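Written below as C-alpha cells is the structure these notes are about.
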Amino acid sequence: MHTGIHNTSEIGRLQKVMLHRPGAELENLMPEYLERLLFDDIPYLKEAQREHDAFADCLRSQGVEVVYLTDLVLQSITDDAVRQELMFQFLTEANIQEPRLRESLERYLGDMDDRQLVETMMAGVRKSSLNSAGGAKLGDYLSAVETDYPFAIDPLPNLYFTRDPFATIGIGVSLHKMHTTTRNRETLFGKFIFEHHPTYRNAPKWYDRGERSSLEGGDILVLSPQVLAVGISQRTQEDSIDQLAETILAKSKTFKKVLAFNIPKTRSFMHLDTVFTMVDRDKFTVHPNILSSITVFVMELGKDGAMTITQEDGRLEDILKEHLELDNVTLIPCGQGSEIDAAREQWSDGSNTLAIAPGEVVVYSRNHVTNRSLEDAGVKIHVIPSAELSRGRGGPRCMSMPLVREDVTN
Ligand SMILES: NC(=[NH2+])NCCC[C@H](N)C(=O)O
C-alpha cells in the first residue's frame with residue numbers, strides 16, 4: 001500500500017523530511033506566558049530563521065527532500081468545505097466561545113487567502129489586530145470583558161519541533177494527544193494532512209488525537225523494522241504506550257517488540273529523545289545521568305494475541321544488544337562524561353541528534369564537547385548553528401519529522 005510514509009529505522013538514509021520554518025508565532029512570545037507556552041527564553045526570529053534555513057540547506061545538500069508543514073497543510077485544503085472545517089475546528093479548539101468574538105474572528109480569518117489563514121492560525125491573533133480589522137463594536141466588547149490579556153488566540157510557538165505532534169512509524173502514523181493544551185492545538189494540522197492530503201491520506205493511524213492519554217513524538221524511536229522504543233516520560237503516559245503497542249504489534253505486520261523506557265519526569269528530560277538517540281547501527285548518544293535510573297519494559301504479543309510485559313534489569317548496552325541482535329553496543333555519553341558539560345549540553349539538546357544515514361548525524365554547534373565524542377566514536381557530524389533555535393529546548397531531531405527513509409542494510 002502506498003501511504004507516502006516509509007520509516008523503518010532511526011538511521012536509514014533520510015530521503016524526505018518535514019520541517020517548520022519558525023514564523024511570526026515566535027514574535028508573539030511574551031515573558032509572562034513563556035512557561036505555559038513551553039519556552040525558557042524568546043528567540044530572535046530573524047536569526048532563528050537564518051539558523052533554520054541553514055538546517056534545511058544542510059539536509060538538502062545531503063540529498064534530503066525538505067517539505068514544510070505549512071505547505072502540506074495548504075495542499076490538504078483540497079476544497080472550500082475542508083477550509084471551512086479547518087477554520088471551524090481551529091476556533092473551537094482555541095476555545096473561542098463568546099459568539100461575537102467568534103464571529104469577528106471568522107470574518108477576520110475568512111477574508112484571508114489560504115496561506116495567510118494557515119500562517120495566522122500558527123502565529124496567533126493579537127486583539128489589537130482584530131480591533132483594527134473588526135471595528136469599534138468588538139473593541140468595546142474586548143475592553144469590557146477581558147482587560148489585559150493581549151491575545152484573542154494564543155500563538156503556537158512550538159511548531160518548529162515537528163517531531164512531536166505526530167510520528168511516522170513503518171508505513172503509518174501516530175497522531176498525538178499532547179500533554180499540554182498549547183501543543184495539543186498543533187495536532188489539528190496533522191489531522192487535516194492525514195485526512196485530506198493526496199499523498200498522505202491513506203496512511204494507517206496507530207494512535208489518534210482523540211485518545212485520552214498523552215503521547216508525544218519525541219518519545220517514539222524506531223530502532224529497527226521490528227523494534228520500537230517509547231519513553232514513559234513527563235509527556236507520554238503508560239496507558240498510551242499500552243494502546244500504541246497493542247495496535248502496532250497487532251496491525252503493522254512488521255513490529256514485534258515495543259521497548260518502553262521509563263525515564264525521569266522532568267522538564268529537561270521531557271522526552272526520551274532528549275536523553276537518548278540512535279546514531280548508527282550499534283551506537284547511541286545518551287545522557288549519563290539517566291543510566292542509573294532508566295528501566296526498560298519489553299512488550300510483546302503472545303501466541304494468544306495477549307500482551308506480555310517483562311522488565312529488564314541489565315545494563316542499557318546489554319538490553320539493546322539483546323533486542324536489536326547486535327554483537328556490540330557503544331553508548332556515547334553527552335558531555336564526554338563531565339558532569340558540568342553533560343548537564344549544560346543536554347539542556348541544549350546535546351543528545352538530540354538527527355541521523356541522516358547510519359553513522360551520520362546533524363548536531364548543534366554549541367554542543368562541542370559531545371560533538372567531539374561523536375567524532376571520536378567514528379560518527380560523521382554535520383554541524384548547524386544553534387544560538388537561537390536552542391532556546392525552545394529542542395535539537396535537530398525535535399525539529400524534523402522523517403517521512404521517508406531508506407531501509408538499513410547490513
Ligand atoms: N522531541 C523533543 N524533544 N521536542 C522538544 C520540544 C520542546 C518544546 N518547547 C516543548 O516543550 O514541547
> Taking into account only those residues within segment 354-381 that are touching an Asp or Glu at 6+ places or on another chain (Cβ under 7 Å) and in contact (Cβ under 8 Å) with a residue 40 or more places away in the chain, which is nearest to THR285 (Cα to Cα)?
Replying inline: THR370
>> Please pick out the residue among LEU403, LEU320, LEU374 that is in contact with a Lys or Arg (Cβ under 6 Å, 6 or more places away or on another chain) and either under 24 Å from PHE261 (Cα atoms) or in a strand (DSSP E or B) (or both).
In response: LEU403
> How many residues are polar (S, T, N, Q) and buried (at least 18 other Cβ atoms within 10 Å of the Cβ) when one looks only at segment 290-335?
Replying inline: 0
>> Here are the criteria: (1) within 22 Å of LEU403 (Cβ to Cβ); (2) surrounded by fewer than 18 Cβ atoms within 10 Å (Cβ to Cβ); (3) without any contact (Cβ under 8 Å) to a residue 60 or more places away in the chain. Tell me which single one VAL67 does not satisfy.
In response: (3)
>> Please determine whether any residue of segment 367-377 is at pLDDT 95 or above and within 16 Å of the ligand (Cβ to nearest atom).
In response: yes
> Only one of these conditions is not met by SER386: (1) within 16 Å of the ligand (Cβ to nearest atom); (2) in a loop (DSSP other than H, G, I, E, B); (3) open to solvent by 60 Å² or more (accessible area, probe 1.4 Å). Which number is it?
Replying inline: (3)
>> It is to be established whether one or more residues within segment 264-276 are open to solvent by 10 Å² or more (accessible area, probe 1.4 Å) and more than 15 Å from the ligand (Cβ to nearest atom).
In response: no
> Would you call LEU249 farther than 30 Å from SER348 by Cβ and surrounded by fewer than 19 Cβ atoms within 10 Å (Cβ to Cβ)?
Replying inline: no
>> Can you go through LEU59, LEU37 and tell me which one is in contact (Cβ under 8 Å) with a residue 60 or more places away in the chain, within 20 Å of the chain's Cα centre (by Cα) and within 22 Å of ASP154 (Cβ to Cβ)?
In response: LEU37
>> For a quick check of your reading of the model, give me the residue pairs whose first member lies in segment 155-169 and is touching a residue at least 12 places away in the same chain (Cβ under 8 Å), whose second is among the hydroxyl-bearing types (Ser, Thr, Tyr) and more than 9 Å from the ligand (Cβ to nearest atom), with beta-carbon atoms closer than 6 Å and at least 6 apart or on different chains.
In response: PRO165/THR187; ALA167/SER174
>> Can you go through ARG36, ARG60 and tell me which one is at pLDDT 95 or above, of a type in the set (Lys, Arg) and away from the ligand (no atom under 16 Å from the Cβ)?
In response: ARG60
> Which ones in segment 339-353 are in contact (Cβ under 8 Å) with a residue 60 or more places away in the chain and either of a type in the set (Phe, Trp, Tyr) or under 17 Å from VAL379 (Cβ atoms) (or both)?
Replying inline: TRP347, ASP349, GLY350, SER351, ASN352, THR353
> Which of the residues belonging to segment 156-176 are in a loop (DSSP other than H, G, I, E, B) and within 13 Å of the ligand (Cβ to nearest atom)?
Replying inline: LEU156, PHE161, THR162, ARG163, ASP164, PRO165, HIS176
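The values are calculated or read from the model by the stated rules, or taken from the named source; none is laboratory data. Because the structure is a prediction, the values reported are computed rather than measured. Note that each Cβ is placed from the backbone with ideal geometry, even for glycine, and that neighbours are counted across all protein chains shown. Please note that ligands, DNA and RNA were not included when accessible areas were found on the heavy atoms of the full protein model with its side chains. Shrake-Rupley method; radii C 1.70, N 1.55, O 1.52, S 1.80 Å.
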